[in-house]
Structures are given as structure tokens and as C-alpha cells.
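Take a look at the structure below.
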Amino acid sequence: MKKLFLFSSLFLVGCGSLSRGCAKYFGSDEVCVDGVKYLQFTSGASVKYNTDGTIATCK
């Protein structure tokens, strides 16, 4: 029940809070913004790169 409350609370707090909450428990979270994948960490975000050095895209 506590986990459900935690995730519900993070969802209602605002944009980005859910991703930061997931990053706290899982290390990072992927977020798609304007067709570009970002890795969300608890202290910030970074563009995700593919293994060949190109920027990872999403829909």
C-alpha cells in the first residue's frame, strides 16, 4: 500500500517528479522529450547516446 501511495503522490506532484522518483529506486529513468531520449537521474538529466555515438531518438 505504501508503494502505491508513493507512486501516486509522485505522479500528482508535477512533471519530472515521477521520473526522479523512479531514478531514486532504479538508478535512472528514460524520458522522451521532442523525439530525443534523456536519462533522468535524481540530480539531473543527460541525453542518451547509442553505442555508435549518435543521439538516441524516440517517438
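All of the numbers you see were taken from the coordinates with simple rules; none came from a lab. Since the structure is predicted, the reported quantities are computational estimates derived from the model, not experimental observations. No Cβ is skipped: glycine too gets one built from the backbone with ideal geometry, and neighbour counts run over all protein chains shown.
Taking amide H atoms as placed 1.01 Å from N in the peptide plane, the amide H of Val36 lies under 5 Å from those of Cys58, each 5 or more residues away in sequence or on another chain. 3J(HN,Hα) couplings calculated from phi for the range 38-53 with the Karplus curve 6.51 cos²θ - 1.76 cosθ + 1.60 (θ = phi - 60°) are, in sequence order, 10, 9, 8, 10, 5, 10, x, 9, 9, 5, 8, 10, 6, 5, 8, x Hz; Gly and Pro show x. Peptide packing: for 42-53, 27-38, the average count of neighbouring Cβ atoms within 10 Å per residue gives the ranking 27-38, 42-53, highest mean first. Multiplying the residue separation of Ser43 and Thr57 by 0.36 nm and subtracting their alpha-carbon distance yields 2.8 nm.
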